[in-house]
Amino acid sequence: LAAGIGALLSTTAMADGLVVGFSQIGSESGWRAAETSVTKQEAEKRGVDLKFADAQQKQENQIKALRGFIAQGVDAILIAPVVATGWDEVLGEAKDAGIPVVLLDRGIDASQDLYLTSVASDQVKEGAVAAQWLVDTVGDKPCTIVELEGTVGSSPAINRKKGFDDTIAAHANFTISRSQTGEFTRSKGKEVMEGFIKAEDGGKNICAVYAHNDDMMVGAIQAMKDAGLKPGTDILTVSIDAVPDIFSAMAAGDANATVELTPNMAGPAFDALEAFLKDGTVPEKFIITESKLYTQADDPAGEAERRKSLGY
Ligand code: GZL
């Protein structure tokens, strides 16, 4: 009888563990891969049964995954929305099913009552922090910038461009001569930078590169080196995420600055979800993570090491 009661209790205990569907964009960057591993760790720590779906960067795959989670009757949904639009219908279905949705690391253009909360950085601020570092570093001499944008239509690409471009616009000696998407990937970032170098007379008059994430910058650094240019000295670099590889590039003198983005969006997300589901606590609509600047002066080799314990 005791064994039977024990088994029943342990089953009940399992039943208390939330079942959460997670629609992840893909694994386009080192940061995204770290966010995935941290989310799985955070779920494990909390006894959450995480149903993981990788969308290979396609919105239709995310919408399909969400419909699958709704059909399964999960307790909650996490989603990192690849682009900012096109979510109203499927989020309305989740709402009708009484399933709370939490946005991770990217925002959407939709009514705020379609999601419980959003855990993300202030992406406009990230762009502005990157631009201010460049302004402070270059001073008032003429500076031609090329810009590697994130995924077309994604909230980070829109916001990081706005934050950077608006800050730069206040300083007449800066010109953004070319700006194109590198899709947040190393390979596309390298390919687009090769095009910029060709179009800018071998890159001699490029003063700085701004990339919406470090992975595109790592690709761009390779393109600059292949063209005989000196990233980090002749051409300044500033990007966003603070992944280990950008710190290794800084330690080698090939990169100059990055703005940190924590890969741990899931911790605050699960905390908000558990409080909401357990005692109805309604969270802030926007939970904003920090955006700290790191440069070559900040022990880049040590930072590369330290980040390996943060999920990279
Ligand atoms: C930003 C996040 C971006 C990262 C990239 O919040 O959505 O997506 O900066 C990733 O590395 O591709």
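The values are calculated or read from the model by the stated rules, or taken from the named source; none is laboratory data. It should be emphasised that the depicted structure is a prediction, and the values quoted were computed from it without experimental measurement. All Cβ positions, even for glycine, are placed from backbone atoms using ideal geometry, and neighbour counts span all protein chains on display. Ligands, DNA and RNA are excluded from the accessible area calculation, which covers all protein heavy atoms including side chains. Shrake-Rupley method; radii C 1.70, N 1.55, O 1.52, S 1.80 Å.
With n ≥ 4 as the cut-off for DSSP H runs, can you work out [θ] at 222 nm for the chain, using -39500 (n - 2.57) per run divided by the number of residues, rounded to the nearest 500? Please report the intermediate quantities before stating the final value.
On the way: 11 runs with 143 residues, N = 312.
Roughly -14500 deg cm²/dmol at 222 nm, from the helical runs in the chain.
How much length is gained if the chain between S111 and A227 is pulled fully straight, taking 0.36 nm per residue apart and subtracting their Cα-Cα distance, in nm to one decimal? Each step should come with its number before you reach the end.
Details: separation 116, 0.36 × 116 = 41.76 nm, distance 4.73 nm.
So the extension gain works out to 37.0 nm.
The phi-based Karplus calculation (6.51 cos²θ - 1.76 cosθ + 1.60; θ = phi - 60°) puts the 3J(HN,Hα) values of region 142-159 at x, 9, 8, 10, 10, 10, 9, 8, x, 4, 4, x, 8, 4, x, 5, 4, 6 Hz, whole numbers, x for Gly and Pro.
If you fit an axis through the alpha-carbon atoms of helix 214-226 and take the longest principal axis of the Cα set of the chain, what angle between them do you get, 0 to 90°, nearest 10? Around 30 degrees separate the two axes. Net charge in the neighbourhood of A172 (other residues with Cβ under 13 Å of its Cβ; Lys, Arg +1, Asp, Glu -1) is 0. Solvent exposure of the chain amounts to 42 Å² per residue of accessible area, where only protein heavy atoms count and the probe is 1.4 Å. In order along region 163-168, the Karplus-derived 3J(HN,Hα) couplings, from 6.51 cos²θ - 1.76 cosθ + 1.60 at θ = phi - 60°, round to x, 6, 4, 5, 5, 5 Hz, and Gly and Pro are given as x. Helix 2-16 axis versus longest C-alpha principal axis of the chain: approximately 40°, rounded to the nearest ten. Scanning residues 5 or more positions from L236 or on other chains, those with amide H under 5 Å from its amide H are A208, V209, with H placed 1.01 Å from N in the peptide plane. Residues of region 59-73 with an amide N closer than 18 Å to a point placed 7 Å from the Cα of D96 along the Cα-to-Cβ direction: 63-73.
To the nearest ten degrees, helix 59-72 and the longest principal axis of the Cα atoms of the chain are 10 degrees apart. Per-residue packing, averaged as other Cβ atoms within 10 Å, sorts the ranges 116-125, 299-308 into the order 116-125, 299-308, beginning with the highest. Can you list the residues of region 243-260 with backbone N under 13 Å from a point 7 Å past the Cα of K308, pointing along Cα to Cβ? Zone members listed by number: 244-245, 248.
Each label was represented as a point 7 Å from its Cα along the Cα-to-Cβ direction; for D166 and A53 these points are 3.4 nm apart.
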